[in-house]
Amino acid sequence: MEQYVIKGGIPLVGEVDIAGAKNAALPILSAAIMSNETVTLENLPDVNDINVLIESIEKIGAHVERVDRHTVKINGSTISDCAVDYESIKKIRASYYLLGALLGKYNRAEVPLPGGCNIGSRPIDQHLKGFRAIGAEVSISHGTIIAKAERGMRGAHIFMDVVSVGATINIMMAASRALGRTIIENAAKEPHVVDAANFLNSMGADIRGAGTDVIRIRGVEKFHGCTYSIVPDMIEAGTYMMAAAATKGDVVVRNVIPKHLEAVTAKLIEIGCEVEEGDDSIRVVASRRLMRTHVKTLPYPGFPTDMQPQMGAVLAVARGTSIVTESIFENRFKYVDELSRMGANIKVEGNTAIIDGVSGLTGARVSSPDLRAGAALVIAGLAAEGFTTVDDIVYIKRGYEDFDKKLQSLGAEIREVASERELRKFELSVG
């Protein structure tokens, strides 16, 4: 039993450092095996998804050296197997990045269909379409994606039917070693797409246009080693910004790129927060009760789907009626039933949540249905009166490094407990 127990009602105050971006680190770790020279990756977040992927990379034969908690050296020259083991990778969605990396390097790959959070359908048809366009034969057999390009891969003109971050990065990896020129149109523009492209270029790739909707790639024969630092995590930063807003706090998030957070910042200002931007920091102050707003998730630079549950938790205690529309994933409102147990007044109709703000939430025992929903429930617990227990925090640990410790540094009364006895002990100590 792993739980967070929270005594709410305390404004968060202080400064918090943001880790490297999980969503950038996963494809970059996968791409690192494409070089036969040593690649050093810095600013890796120490979260479960990253550790699972590193173990999977080791199991296919790559040499991995943990320099410290946030730095790893990878050498792909010793890879002996292009088939990734199901047991080691089944828990994370990003397993599919090993497809693009292995296909690009060896012209073949076998990777189990991905797992991860159940937030809705995330088809991989765009990935497979891209691989086929550059000359791979792709099939799915016994739960495994098998991709082969026995005659090698050649550049192609690919138009993405929908904007897909994963497919954009995966095709970019494979095409960076294909013969000739590849153009990806309607490409995703998220910061972690740009970070993955910058990393590939650091190893010797020729990729231009990342961050726009047209990416141009000229294939190269081989990659060399490099040292690269992962971009800061905009979703982790946004989560602490929302926690400051919900608790009427005053928090500075450090080691961020403010431009990546413009959509989140704009909404916080709209609902009544004061926001100050520095070169690599953002301060959020919420000195009064927040106001209603409308939010619609969109591909970057729109409001990120990974921030929608956290925003929902904040709007649950804002004045007036807010409307949140989810346009990316159809199953992203599973946190609503849990918030309702805490006194929130939210009605879901299709892909829209209608939130009638209440004057306050009350603590309850709730369960984390997925990564970002779990973070939203912690935010609600921090804002609520009394004690909140959040179950299934294994989801939260997939994407947040030292979540409880960082919140404690901001004054939150939160503990991770592993038994009913520890839970009662915490309640008595702060009660």
**Size descriptor, Kirkwood hydrodynamic radius, that averages inverse alpha-carbon separations across segment 117-208, Å** = 13.8
**Fill in**
Taking 38-48, 135-145, 69-79 and ranking on average Cβ neighbours within 10 Å, highest first, one gets 38-48, 69-79, 135-145
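For segment 39-191, state the average projected area of the convex hull of the C-alpha atoms over all orientations, rounded to one decimal in nm².
Orientation-averaged projected area of the Cα hull: 9.2 nm².
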**Fill in**
Once normalised by the length of segment 211-329, the mean sequence separation of its alpha carbon contacts under 8 Å that are 6 or more apart gives a contact order in percent of 23
**All-pairs Cα distance distribution in segment 147-256, expressed in whole percent, bin size 10 Å** = 14, 37, 27, 14, 7, 2, 0
**Message:** Using Stokes-Einstein with the Kirkwood hydrodynamic radius over Cα pairs, what translational diffusion coefficient do you get for segment 240-292 at 25 °C and a viscosity of 0.890 mPa s, in µm²/s rounded to a whole number?
**Reply:** 228
**Asked** Dividing the alpha-carbon radius of gyration of segment 335-429 by 2.2 N^0.38 Å (N being the number of residues), what value is obtained?
**Response** 1.10
**Prompt:** Of all the accessible heavy-atom surface of the chain, with the other protein chains kept in place and a 1.4 Å probe, what percent is carbon and sulfur?
**Reply:** 46
**Request:** Per DSSP H run of at least 4 residues, take -39500 (n - 2.57); add these up for the chain, divide by its residues and hand me the 222 nm value, nearest 500 deg cm²/dmol.
**Result:** -9500 deg cm²/dmol
**Item:** Principal axis dimensions, largest first and in whole angstrom, of segment 218-337 by Cα
**Value:** 59, 34, 21
**Item:** Calculated Rg and Dmax of segment 179-222 using C-alpha coordinates, Å
**Value:** 10.0, 27
**Fill in**
Within the chain, the percent of DSSP beta bridges that are antiparallel, given to the nearest 5, stands at 70
**Complete:** The extension gain from residue 80 to residue 287, computed as 0.36 nm times the residue separation minus the Cα-Cα distance, is 68.7 nm
**Item:** Calculated FRET value between residue 394 and residue 179, using beta carbons and R₀ = 56 Å, to 0.05
**Value:** 0.80
**Request:** Would you mind getting the Kirkwood hydrodynamic radius of segment 1-115 from its Cα pairs, rounded to one decimal in Å?
**Result:** 15.3
**Complete:** When the charge dipole of the chain is computed with +1 at the Cβ of Lys and Arg and -1 at the Cβ of Asp and Glu, the Cα pointing farthest to the positive end, of 27, 145, 11, is that of 145
**Asked** What order do you get for 96-107, 403-414 when each peptide is scored by the mean count of other beta carbon atoms within 10 Å, highest first?
**Response** 96-107, 403-414
**Prompt:** Can you pull the three principal axis extents for the Cα set of the chain, in Å, largest first?
**Reply:** 66, 44, 41
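Order these peptides, 276-288, 179-191, by their mean beta-carbon neighbour count within 10 angstrom, highest first.
Numbers: 276-288: 16.1, 179-191: 19.7.
Top of the packing list down: 179-191, 276-288.
The values are calculated or read from the model by the stated rules, or taken from the named source; none is laboratory data. Everything quoted here is computed from the prediction, not taken from an experiment. Neighbour counts are summed over all protein chains in view; Cβ atoms, including those assigned to glycine, are modelled from backbone coordinates with ideal geometry. These accessible areas exclude ligands, DNA and RNA; they are computed on the full protein's heavy atoms, side chains included. Shrake-Rupley method; radii C 1.70, N 1.55, O 1.52, S 1.80 Å.
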